[in-house]
Amino acid sequence: MLFGKTILVTGVASGIGARTAELAGQMGADVIGVDVREPAGATTAFIKGDLSTAAGVADIVAQLPSRLDALANVAGLSGNTGIVSTLSVNFYGLRALSEAVAPRIREGGAIVNVASIAGYGWRAHLERAKTLVGIEGFPDVGALAAEHGLKDEEGYPLSKELLVLWTMRAAHLPLFRDRGIRVNAASPGPVETPILKQFRAVLGDARVDSDITRVGRAGTAADIAPAVLFLCSDGARWINGTNLATDGGLEASINAEVLGF
Ligand SMILES: NC(=O)c1ccc[n+]([C@@H]2O[C@H](COP(=O)([O-])OP(=O)(O)OC[C@H]3O[C@@H](n4cnc5c(N)ncnc54)[C@H](O)[C@@H]3O)[C@@H](O)[C@H]2O)c1
């Protein structure tokens, strides 16, 4: 389903992004990787770039070919570097890249955002999410955090709540919809990658261990990559604006507890 396709994958130097790029290559796709760090594995092309600033995003976009089939937004921070960098990379930079790349994605192409079970609270915090998603462009995130009284420890879950909400909105934005570009998310639970140790520090061992216990084990990057690539592929042509739980059943378990069934 990906043979001959050109897929832009961010976060290719590690974890889920590295496995997504590797698997896409095995499936016959040309992969253009983006990361702030050099990847160990081979990608068809690699762009060293920083998604945390508008200038960094513009620099990446300037190096891209004129035509892409899909964009997999995998790069992310755990929150351990503070709310400004986390919101910048995980949401505003991701969105700026997606908007800038959209005109290069072929009609019927796809964008896939790696969100997280940590974004589960988007409904509970809907008004905040609507306000922060409603800010257009790449804002001054430091000023925004100060204005809205956002705390560092909220950075990671907040970034994923915004991403889940924006994914649903983006599916209906003319920029994407008018050319049939689907926008979906995949939301993992805990996954054994270098970031997991940081999550333990940011979210606490109890939360991470509880999530793992609910589904029997942590996921692996190899569990997540096929879901991301399925959403990139034409096989997902009728899937749009959805958030695919890619978590071994974790969201279902949390739903049962929260909704009481
Ligand atoms: N591992 C988990 O438990 C887990 C769970 C849910 C969601 N996720 C999400 O999956 C995605 C991938 O995480 P992972 O587990 O592979 O982590 P990881 O730390 O192994 O990989 C993240 C990659 O993003 C890159 N990156 C960070 N800042 C960047 C920037 N400014 N510009 C460009 N690249 C940058 C890093 O260099 C790294 O290669 C993230 O969005 C993360 O939030 C991970």
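What the table below lists for this structure:
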| read-out | value |
| --- | --- |
| Spacing of the two label points (7 Å from each Cα toward its C-beta) at ARG200 and ASP178, in nm | 5.0 nm |
| Coil-residue trypsin sites (Lys or Arg not before Pro) of segment 206-261, DSSP, other Cβ within 10 Å capped at 12 | ARG217, ARG237 |
| Gaussian network model of the chain, Cα within-10 Å springs - most flexible of GLY108, GLY189, GLY79 | GLY108 |
| Test item: Cα-centred dipole of the chain, Lys/Arg +1 and Asp/Glu -1 on Cβ, debye | 480 debye |
| Spin-label model distance (nm) - THR131 vs GLN26, 7 Å beyond Cα toward Cβ | 4.6 nm |
| For ASN243, residues with placed amide H under 5 Å, excluding near neighbours | ALA185 |
| Length added when fully stretched, GLU192-ARG37, from 0.36 nm per residue minus Cα-Cα | 53.9 nm |
| Charge dipole (debye, nearest 20) of segment 2-141; +1 at Cβ of Lys and Arg, -1 at Cβ of Asp and Glu | 260 debye |
| Added length on full extension, which subtracts the Cα-Cα distance from 0.36 nm per residue, THR44 to ARG169 | 41.8 nm |
| Sorted largest first, extent of the chain alpha carbons per principal axis (Å) | 45, 41, 35 |
| Charge-dipole axis of segment 6-259 as Lys and Arg at +1 and Asp and Glu at -1 on Cβ define it, positive-most pick from GLY17, ALA115, SER233 | SER233 |
| Pairs of lysines in the chain (C-alpha under 25 Å apart; 8 or more residues apart or interchain) | 8 |
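We did not get these values from a lab; they are worked out from the coordinates using the rules stated. Given the structure is predicted, the values throughout are model-derived calculations rather than measurements. Every residue, glycine as well, gets a Cβ built from its backbone with ideal geometry; the counts of neighbours run over all protein chains shown.
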